[in-house]
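The values are calculated or read from the model by the stated rules, or taken from the named source; none is laboratory data. Since the structure is predicted, the reported quantities are computational estimates derived from the model, not experimental observations. Using ideal geometry, Cβ is built from the backbone for each residue, glycine included, and neighbour counts are taken over all protein chains shown. To get the accessible areas, we keep the full protein, side chains included, count just its heavy atoms, and leave off ligands, DNA and RNA. Shrake-Rupley method; radii C 1.70, N 1.55, O 1.52, S 1.80 Å.
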Amino acid sequence: MGTEMKKIVINGGLPLYGDISVSGMKNAALPIIFASILTKDKCVIENLPEVSDVTLSLEILHSMGATVKMLNRNTVEVDTTHFVGGSSPYELVSKLRGSTYLLGAELGRFGEARVGFSGGCDFGTRPIDQHKKGFEALGAVMTIENGCNHIVTGPGGLCGASIYFDIASVGATINVILAAVMTPGRTTIDNAAREPHIVDLANFLNMCGARISGAGTSFIKIQGVERLHGCNYTIIPDMIEAGTYMAAAAAAGGRVTVRGIIPKHMETVTAKLLEMGVEVDECDDSIVVSRTSPLQHANIKTYFYPGFPTDMHPQFSALLAMASGTSTVTEGVFENRFRYVDELKKMNADISVDGRTATIVGPAHLTGAPVKAVDLRGGAALVIAGLAAKGKTEICNVEYIERGYDNIVGKLRGIGADISLVDIPDAVVEKAN
Ligand code: EPZ
């Protein structure tokens, strides 16, 4: 019979009340999991979100010879003593973007890397020219061979270098840090990405004995060390998951406390919600979101951190569709992150896209519909729209959503949403195939 497919079913229109807890950050967990390749000692990583991108990353390490032991639902012990470089399975590597970090980690440990092309959400081309620029500045040579990115140490060996990124790329910043922490000499990265998960990676590596300073700023300095030892590390909370639930509370109405967060990471999302007339109260490690008046329109321009996060763009388009007046969302990071718009239009949203800007006319009275997730955050946008829409929304392709949200259905049910995860009968699946 066909593979078991699921869909999310939401009966919308209910306000949300209660507390919702945030899991560890997926985009911090992935680089830290691959960074464990750099030491032969055991590493224990805590507060891992139970999402498929994390499971897949651990599967990749295990398939390459690492010992991976789940100590509990959110804690893993990784031992890469017997890790075999260059052996990553393409069928796994091609499923997520995070596998790109094998390049920096294998180069850092073995002086060479051979990795198939990564996957990830489809926002247009996702080049790695800045990664290559960084690796080659360190003295490596990167080519494409047999459908793989292949990196070898050049004739002069690897040594620290001064690197300037043309784009403040998160992935390239992560990959150069991984490649440079045990490269002799001093490496600097100018125009580095400043995201909180860059800081989390640097903190993890420094706990393993690396010498990284400036993470979180656009100028990072790395002094190469001989070797790294293991450590126990706890992943930071997921600011995008937190922002998603803040947007959900603003969309559905009611009063929700989002717990276990770092409010500073939420600053741009909080500011935008306040601008839209939503009440937002910050506490030490939680934020209370409530809405009792109609949403107001706003304009959003996504940009590299600390700009408005591109990973919050689709969720806010769903929210702005309900706001009074005309809003715009300009995507400043990716070429084309608007594939979700067609699905929101099936729910009566009034959105038109021209190049990198969506114009949203509201307030639209969203209505439930059968829709499909086209990528991770686009799927989250449909959940938000479904919570606010009148009637029933059915979202298929939920595997996209499960890549980055730990138990989203259970967490939303916990604050009063009428939402469930339903098996799609095999017959329907086979017909669809
Ligand atoms: C990471 O992707 C995240 N993925 C993305 O989150 C996130 O949207 C993005 O950073 C920006 O914050 C993971 O962490 C696994 P980039 P990444 O390199 O590293 C261009 C989610 O929803 N670019 O900062 O691929 C690139 O095309 C996902 O959780 C180059 O031109 O992002 C894009 O336009 C989606 N050359 C821009 O820079 C390069 O060598 C930002 O890319 C690298 C990137």
Problem - Conditions (1) within 16 Å of the ligand (Cβ to nearest atom); (2) farther than 23 Å from Val258 by Cα; (3) in a loop (DSSP other than H, G, I, E, B); number of the one not met by Glu50 - result: (2)
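Of the residues Ala364, Ala358, only one is of a type in the set (A, V, I, L, M), part of a loop (DSSP other than H, G, I, E, B) and farther than 30 Å from Glu50 by Cβ; which?
Numbers: Ala358 fails: part of a loop (DSSP other than H, G, I, E, B).
Of Ala364, Ala358, the one residue that is of a type in the set (A, V, I, L, M), part of a loop (DSSP other than H, G, I, E, B) and farther than 30 Å from Glu50 by Cβ is Ala364.
Of the residues in the stretch 32-55, how many are polar (S, T, N, Q) and closer than 18 Å to Val199 by Cα? Walk me through it before giving the result.
Kept after step one, since they are polar (S, T, N, Q), are these residues of the stretch 32-55: 36, 39, 47, 52, 55.
So of that shortlist, the ones also closer than 18 Å to Val199 by Cα come out as 36, 47.
Total meeting the criteria: 2.
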Exercise for the section: Look at the stretch 273-315 and say how many of its residues are away from the ligand (no atom under 16 Å from the Cβ) and open to solvent by less than 30 Å² (accessible area, probe 1.4 Å). Expected result: 12
Practice task
Identify the residue in the stretch 325-343 that is out of contact with any strand residue (DSSP E or B) (no Cβ under 6 Å at 6 or more places or on another chain) and either assigned to a strand (DSSP E or B) or away from the ligand (no atom under 16 Å from the Cβ) (or both) and, among all such residues, is nearest to Leu376 (Cα to Cα).
Solution key: Asp342
Practice task
Considering (1) part of a helix (DSSP H, G or I); (2) open to solvent by less than 60 Å² (accessible area, probe 1.4 Å); (3) of a type in the set (D, E, K, R), say which one Glu59 fails and leave the rest.
Solution key: (2)
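Listed here are the residues, each with its yes/no results for (1) crowded, with 19+ Cβ neighbours inside 10 Å; (2) closer than 30 Å to Val289 by Cβ.
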| residue | (1), (2) |
| --- | --- |
| Gly13 | no, yes |
| Gly18 | no, yes |
| Ser23 | yes, yes |
| Ser36 | yes, no |
| Glu46 | no, yes |
| Met64 | yes, no |
| Val84 | no, no |
| Ser87 | no, no |
